[in-house]
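One structure is given here, and the rest of the page talks about it.
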Amino acid sequence: LGARLGPEIRLQSRSIGRGPQERLLSSVDPLLKNGRIRYEMEGVEEWWLSEEQRLEQGWTLAEAPEGEGPLLLKVWVEGAEGRGEELWGEEGTRIRVGGLRAEDASGKELEVAMLREEGGFSVVVEEEGARYPIVIDPSYSAANTWDGETSSSSFGSAAMGVGDVNGD
């Protein structure tokens, strides 16, 4: 469950909920579906898509979690420190987090923010009145990308534990 960004930065979705009513996301085997690596968990589908010069991550939530207040989706980060919208790896890899957006089933844009926390970050979504399912969608790219060239040839090249997802 998760992905490796560059040689030393690893991300993993940890929990979803509202304040103290969060539930841990279980580790599941990945699937390859419509060109995306997908992790299908109870009520949450996490997906990864490798595109030119960036790695897109997303979560599709089938229904609203119980409780009140903003929706929190916590992501654990290993091998990096954060500053603003960048992750700095221990071996010099710099990853920019951008394009964060969220929308409901009707296409309505939802307020969304990323908050750095000890050990990772939380994606906070104000989804009061939203129609489910909702999609939350950040992307990652090499922070020092110039003229279409990345500094790390291994950026976004490995999804943790994927193995043979198409069965060939």
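Three principal axis extents describe the C-alpha atoms of segment 3-123; from largest down they are 40, 33, 28 Å.
Stretching GLU40 away from ALA64 to a fully extended chain increases their span by 7.0 nm, per 0.36 nm per residue minus the current alpha-carbon distance.
FRET efficiency for the pair ARG131 and SER26, taken as 1/(1 + (r/R0)^6) with r the Cβ-Cβ distance and R0 = 25 Å, rounds to 0.40.
Using a Förster distance of 35 angstrom, determine the FRET efficiency expected from the C-beta separation of LYS33 and ARG116, and round it to 0.05.
Values: r = 31 Å, r/R0 = 0.89.
Between LYS33 and ARG116 the formula returns 0.65.
Of the whole protein surface, SER122 contributes about 0 Å² of accessible area at a 1.4 Å probe radius.
The values are calculated or read from the model by the stated rules, or taken from the named source; none is laboratory data. Since this is a predicted model, take the numbers as computed values, not measurements. Don't worry about glycine lacking a Cβ; one is built from the backbone with ideal geometry, like all the others, and counts go over all protein chains shown. Just so you know, the surface numbers come from the protein's heavy atoms only, side chains and all, with ligands and any DNA or RNA stripped out. Shrake-Rupley method; radii C 1.70, N 1.55, O 1.52, S 1.80 Å.
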